[in-house]
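Supplied in structure tokens, the structure appears directly below.
The values are calculated or read from the model by the stated rules, or taken from the named source; none is laboratory data. Keep in mind that this is a model prediction, so the values were computed, not measured. No Cβ is skipped: glycine too gets one built from the backbone with ideal geometry, and neighbour counts run over all protein chains shown. Note: accessible area is taken over every heavy atom of the protein model, side chains too, but ligands, DNA and RNA are not part of it. Shrake-Rupley method; radii C 1.70, N 1.55, O 1.52, S 1.80 Å.
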Amino acid sequence: MNQYACDHAMSSARITAHFQGIWVPMVTPFRNGELDLAAAQQLASELAASGIDGLVVCGTTGEAAMLDAQEQTLLLDSVLEAVGPRFPVVMGVGGSDTRQVTATVQRYHDHPLAGLLISAPAYVRPSQEGIVRHFQAIAAATDQSIVLYNVPARTGVQITPATAALLARDSHFVAIKEAGGSLQQFAELLLETRLDVLCGDDALLLASLSMGGHGAMSAAAQVRPDLYAQLYHLVRQGRHGAAGALFKAMLPVIRLLFAEPNPAPVKAALAMQGKVREELRLPMTPMSAAGQAALADALEQLMALPVWTAGDKEESREGCLLQLVSAANIMPAVRQDDHRHHG
């Protein structure tokens, strides 16, 4: 039993009811091929103080597939130590073998997590029935909240809205990170399930929030996390003109951060900021020289935007933001239901 067992014994009361706001899937810093835990803790502490709502450890952005089980647990323990017991942290879990994934989630039985982010089985392309039974087996093995992760470009299979709605009958399943690239599917999840629906496609962030999305798990957000928190609060306040202006200023960097395979561009940006070394594990490789040059130029403009803090939530900043964009670029709100009253 690990260090958290006494203070954080598992029970159904620990299931987190809602996942809303901006969550950041952290990169995993390396130094000379090994985990750089000091850099990970520093990055986690800075992100936690930036106005975001939670962190994800060992997601795709964290190169989890290139970490062994011991490294994954060591990284998680280090981040939890850095941010303290009150800041929400989600652990990413993936795999194609239901037995293996079930065993993995049991490793985190005694960790004080907000939940587990679990993708559909990759490569094997199961049926929707197989996906349902996969997740049901995982839920039976844990008292942790589960955030479904639909990312068909990586797994080769969709978690359909009907499947998500079926799984949502079990209170373990509280949210879904939707990264299928379809606003229609995003809308169907909002309308047809009781889940909190989080955007996993950063370029669709404003559109998803404006149609009633509950937040995002955004890899790009770790470059200027305060701006993503600001965008979320602007939409929640109905200040769509200011939100549109801000997002237009953010979009060039967002596009560059996904112009090459993630997380190479994100690590390049963080290295430019002096936060991590630009080091990845094979088969991932650093961002190209041409990509870095373009990113450096765009990042300079992004960094010039005013720093936002949680204390600015109620302050009007539309004057400085609206000059960045014309009315034609403003995305109207479609739906404001936040699902808080669903069972």
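Give the range 146-165 a look and list any residue that's in contact with a helix residue (DSSP H, G or I) (Cβ under 8 Å, 6 or more places away or on another chain) and either among the charged types (D, E, K, R) or touching a residue at least 40 places away in the same chain (Cβ under 8 Å) (or both), or say none.
Result: Leu148, Asn150, Val151, Arg154.
Kindly list, by first and then second residue, each pair from a residue in the range 197-216 that is within 19 Å of Ala259 (Cβ to Cβ) to a residue that is assigned to a helix (DSSP H, G or I) and among the acidic types (Asp, Glu), limited to pairs with Cβ atoms under 6 Å and residues at least 6 apart or on different chains.
Cβ pairs passing all conditions: none.
Would you mind telling me which numbered condition in (1) over 16 Å from Ala120 (Cβ atoms); (2) surrounded by fewer than 24 Cβ atoms within 10 Å (Cβ to Cβ); (3) out of contact with any Leu (no Cβ under 8 Å at 6 or more places or on another chain) Ala153 fails?
Among (1) over 16 Å from Ala120 (Cβ atoms); (2) surrounded by fewer than 24 Cβ atoms within 10 Å (Cβ to Cβ); (3) out of contact with any Leu (no Cβ under 8 Å at 6 or more places or on another chain), the lone unmet condition for Ala153 is (1).
Can you confirm whether Leu198 is of a type outside the set (Lys, Arg), open to solvent by 30 Å² or more (accessible area, probe 1.4 Å) and under 22 Å from Pro25 (Cα atoms)?
Criteria not met by Leu198.
Out of all the residues in the range 146-178, which are within 20 Å of Pro88 (Cβ to Cβ) and within 15 Å of the chain's Cα centre (by Cα)?
Listed by number, the residues that qualify are Ile146, Val147, Leu148, Tyr149, Val174, Ala175, Ile176, Lys177, Glu178.
If only one of Gly92, Gly33, Gly54 is small (Gly, Ala, Ser) and either within 19 Å of Leu282 (Cα to Cα) or modelled with pLDDT under 95 (or both), which one is it?
Gly33
Could you grab me the full set of residues in the range 144-171 that are in contact with a His (Cβ under 8 Å, 6 or more places away or on another chain) and part of a loop (DSSP other than H, G, I, E, B)?
Matches in the range 144-171: Gln144, Ser145.
Then there is this: Under the condition of being in contact (Cβ under 8 Å) with a residue 60 or more places away in the chain and of a type outside the set (Val, Ile, Thr), which residue from the range 166-186 is surrounded by the fewest Cβ atoms within 10 Å (Cβ to Cβ)?
Per the stated criteria, the residue is Ser171.
While we're looking at this one, here's another question. Can you tell me which condition Arg281 does not meet? The list is (1) open to solvent by less than 50 Å² (accessible area, probe 1.4 Å); (2) basic (Lys, Arg); (3) assigned to a helix (DSSP H, G or I), and all the others hold.
Just one mismatch for Arg281, condition (3).
Given the criterion open to solvent by 20 Å² or more (accessible area, probe 1.4 Å), hydrophobic (A, V, I, L, M, F, W, C) and in contact (Cβ under 8 Å) with a residue 24 or more places away in the chain, identify the matching residue among Ala289, Ala259, Ala245.
Ala259 is the lone residue from the list that is open to solvent by 20 Å² or more (accessible area, probe 1.4 Å), hydrophobic (A, V, I, L, M, F, W, C) and in contact (Cβ under 8 Å) with a residue 24 or more places away in the chain.
Scan the range 262-278 for residues that are open to solvent by 20 Å² or more (accessible area, probe 1.4 Å) and not in a loop (DSSP other than H, G, I, E, B) and report the count.
Adding up the residues that qualify gives 2.
Check Lys275 against each of (1) free of Cβ contacts under 8 Å to residues at least 24 places away in the same chain; (2) closer than 21 Å to Thr60 by Cβ and name the one condition it does not meet.
Lys275 satisfies every listed condition except (1).
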